[in-house]
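The values are calculated or read from the model by the stated rules, or taken from the named source; none is laboratory data. Predicted model, so just to flag it, every value in this text is computed and none were measured. Reconstructed Cβ throughout: ideal geometry from the backbone, glycine too, with neighbour counts over all protein chains shown. What goes into the accessible areas is simple: the full protein's heavy atoms, side chains included, and nothing from ligands, DNA or RNA. Shrake-Rupley method; radii C 1.70, N 1.55, O 1.52, S 1.80 Å.
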Amino acid sequence: MSYTPSSGRRTNYSSRSMEEYFSMDDILATEVRIPCRFQLPVYKLGSLNPSSQSPDLLPGTKLELPLWLAQALQSRHIVNVELPKSYRETYREILSADATMVDLHDLGPYFYHIGLYLLNFPYADTEEISKMLTQTFKNRFRKVMDASQHTLQEETSSWTFRLDMLEVELFNIGQKAFLEFQEWQARKMEKICTSGMVINHKKRKRAAMDNIV
Amino acid sequence: MELGVGIMSPAEVEFLAEKELVTIFPNFSHGKIYLISGDVGPFVPSLPVQVPLWLAVNLKQRQKCRLLPLDWMNKDVLEEKKQEEYNNKFFTAMPSPHYREITQLLMSIAPMDIPHAEDIQTLIKDIWDIRMAKLRSSIDAFIKGEETHAKLDHLTLMEINTVRPLLTNTLNKLYQLRQVSSFGTSESQEW
Amino acid sequence: MAGDYETHAQEEILHSDEDETELTTPIEVLQKLEEAWLNEKFAPELLPYKGELVDCMLDQLQHMDQNLRRVKPGDFRIIIHKMELDRIQFVLNSYLRIRLEKIERFGAYLLNLEAQEEAENIELMSPEEKLFAQQYVGNIEGYLHDTILQHMPPNMEHFQLASVGSKPNLDSYVFFKVLKDTPSLVVEEGASETRESDIIDLEAGSQHIIRYRPVYRLLQNGTVKLI
């Protein structure tokens, strides 16, 4: 399971569980770029900053860095991590107005995942961010649950594109349990079905034979 | 069918349900059979005898018995139950903790032994739907509230199992959110 | 009409628990095994190995199997006994497979824990499981070394699965049923000024959903069972 929660807060890489260490979702999520402002100079890496000619990265430079790098640099006080705009007050207000209408895939798609990491940085409005994350999740949950308890229809599939990855994972989990139950009801579980691959292989073979004749 | 950690398939729930005792009327004779899980028999033609459901199913499939419908597999009883469940805000106690599985099994192998089988099947399904809708609302209220635990006395295992993965994973995530937020700002550690 | 051989189950099983001798019927053993199976299935951590139950059940199965061989083939009872044996076999297999899955998930952590548990005289894994854990962890570390790590600069070459800190999540939510009355269980410590500790009473027969951590001791002493 790729989305197994850790047993504690996620502060850094060395305290994570194996499932998180090897977790695809975490690797992908921590690639997301976060705005950072350099506090100390970093020599000879000036080329990372496209808007300056300097051979070094000067203090005050603003760059977007992947979260995993930002975290490491922040702990050494080389940069100050700034709050990405989707977590700032404007967006928090939009989410508190009607969380279910927002396209979290667009804002994310790892909105909650990144949000949890961000809570470890010393922002002024950490408490509001954490409240927002929890409230948004709770408000959107009903729709995720209800959708997962029905077989996939047109409207549902277009709506699932606007879900954050965590919500997609939960939706899939709910769907799977629901479909398993449906199958049990229809007693399909007792029969061993021919694998689709075998059926297709037979069709192709027959087609090939027909061509020869 | 997954046999994994933290997961139970509907078939496994049914496996547990098959331990329930039901009454059959055998059409054969045999002495007592000493099973590990308890003695069954002796079997005397047309005399009622109690056996576990898994055995009853097998005997029925081999046409060696007739099944006695359980006392709650009755149109009037179930109509009343359905009304009761509909009117009650909370979950009512079901006549059997395995009502869904038992009904499904008996209907598939012995509908001829159950009067008004189709009606009964419909009523059971209606009761199930009412309870599942209630369950979804309860879950939503639980998630939105501040509670950290819930009591679910009259829920049956099949009902619990259908929502198990979604509910436990969601609660796990919410707990994680609570933990991180209650620590407030923290020092990032060296790596 | 029955054949010369009665296919009896062993009536009683004597098993000694250190200085105590306990009589347990086959039905009780089966019931306890099923409970152990479900507990293992739903617990996020690896529970202590129920060696006595497993061995006892295997004895029962062997005994029954031997009896069946002596009965005339085609005897009516054979199918019925075989069905029951299949059912019991399923529970046993599932119990063992679930444990193996957990060992695969956090084997390195369990091996470290084993040293601790031994001091407290609790058997966490069976000898076979211990061997499996060692070999499994060794295989993965060896594989990673051969494919990637040996090509890394020297100070990055060392990698141990144990260091990645894989641990079971004891804060996962579980469903359970109460077997014995238990008052005043602390569910969650008061974490801040706005949250007081949640304390609940558990009545026998009731069903709940809670985090695993507050109830794992109750699970180990048989006050609750997972469902």
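Overview of values
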quantity	calculated
Cα centroid separation - the stretch C:64-140 against the stretch A:22-78, whole Å	51 Å
Radius 13 Å from Cβ of residue A:60, net charge of other residues (Lys, Arg +1; Asp, Glu -1)	0
Relative contact order (%) - criterion: Cα under 8 Å, at least six apart; region: chain B	19 percent
Length-normalised contact order of the stretch A:69-157 in % [C-alpha pairs under 8 Å, at least 6 apart]	28 percent
Heavy-atom accessible surface that B and A bury in contact, both chains counted, 1.4 Å, Å² to 100	4400 Å²
Segments A:111-120, A:139-148 sorted - mean Cβ within 10 Å per residue, highest first	A:111-120, A:139-148
Nearest 10 degrees, 0 to 90: helix B:117-144 Cα axis against chain B principal axis	20 degrees
Local electrostatic count at residue A:105 - Lys and Arg +1, Asp and Glu -1, tallied over other residues with Cβ under 11 Å	-3
For peptides C:49-62, B:96-109, sequence by mean Cβ density within 10 Å, most packed first	B:96-109, C:49-62
Accessible area buried at the C-A interface, both sides summed, 1.4 Å probe (Å², nearest 100)	800 Å²
Amide hydrogen neighbours beyond the local backbone of residue A:34, cut-off 5 Å, H modeled	A:65, A:67
Solvent exposure ordering (accessible area, 1.4 Å, most first) of A:79, A:168	A:168, A:79
For chain B, calculated [θ]222 nm from helices alone, where every DSSP H run of n ≥ 4 adds -39500 (n - 2.57)	-16500 deg cm²/dmol
Residue-wise HN-Hα coupling along the stretch A:51-63, computed from phi with Karplus coefficients 6.51, -1.76, 1.60 (Hz; x: Gly, Pro)	9, 9, 8, 4, x, 10, 8, 8, x, x, 5, 9, 9
Residue-averaged beta-carbon neighbours from other chains (10 angstrom radius) around B:33-46	5
Accessible area buried, both sides summed, chains B and C with 1.4 Å probe, Å²	4600 Å²
Coil-residue chymotrypsin sites (Phe, Trp or Tyr not before Pro) of the stretch A:20-77, DSSP, other Cβ within 10 Å capped at 15	A:22, A:43
Listed residues C:201, A:25 arranged by accessible area, highest first, probe 1.4 Å	C:201, A:25
Unit charges on C-beta of K, R, D, E only; dipole of chain B, Debye	340 debye
